[in-house]
């Protein structure tokens, strides 16, 4: 049984199980509501990210030492999928008429990014 388990582990690398989490800390600008921000996030998920193996959700603090920051959690299947989506986003931003450019402008009107982190989950 141990031999079968060892063979299975070598055939199915553990790194293939690692999701990628993109974490962006931001703050809503004065006059932008949670509902307005979430409308942009929903458009992002439906109109752009859906085809990129990327999905975003947002954490709004209830109890925290920092009640001003919100946290964007972008999920990808792995680092390669995140990299491909990130590259596509940057490529799309070069076209001012693209969905990415329109979404980016809406995000800029509603929020400021403070920091960005990247994690793998197992």
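The values are calculated or read from the model by the stated rules, or taken from the named source; none is laboratory data. Note that this is a predicted model, so its numbers are computed, not measured. A quick note on method: Cβ atoms are made from the backbone with ideal geometry, for glycine too, and the neighbour counts reach across all protein chains shown.
Results, tabulated for the structure shown:
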{"item": "Check on residue 81, over 17 Å from residue 41 (Cα atoms), crowded, with 16+ Cβ neighbours inside 10 Å and either touching a strand residue (DSSP E or B) at 6+ places or on another chain (Cβ under 7 Å) or in contact (Cβ under 8 Å) with a residue 12 or more places away in the chain (or both)", "result": "yes"}
{"item": "Hits in region 99-110 (condition: more than 15 Å from the chain's Cα centre (by Cα), in contact (Cβ under 8 Å) with a residue 12 or more places away in the chain and under 17 Å from residue 70 (Cβ atoms))", "result": "106, 109, 110"}
{"item": "Filtered residues of region 1-58 (kept if at pLDDT 95 or above, more than 13 Å from the chain's Cα centre (by Cα) and outside any helix (DSSP H, G or I))", "result": "27, 28, 29, 30, 31, 32, 33"}
{"item": "Residue match in region 61-76 (condition: surrounded by fewer than 14 Cβ atoms within 10 Å (Cβ to Cβ) and assigned to a strand (DSSP E or B))", "result": "no"}
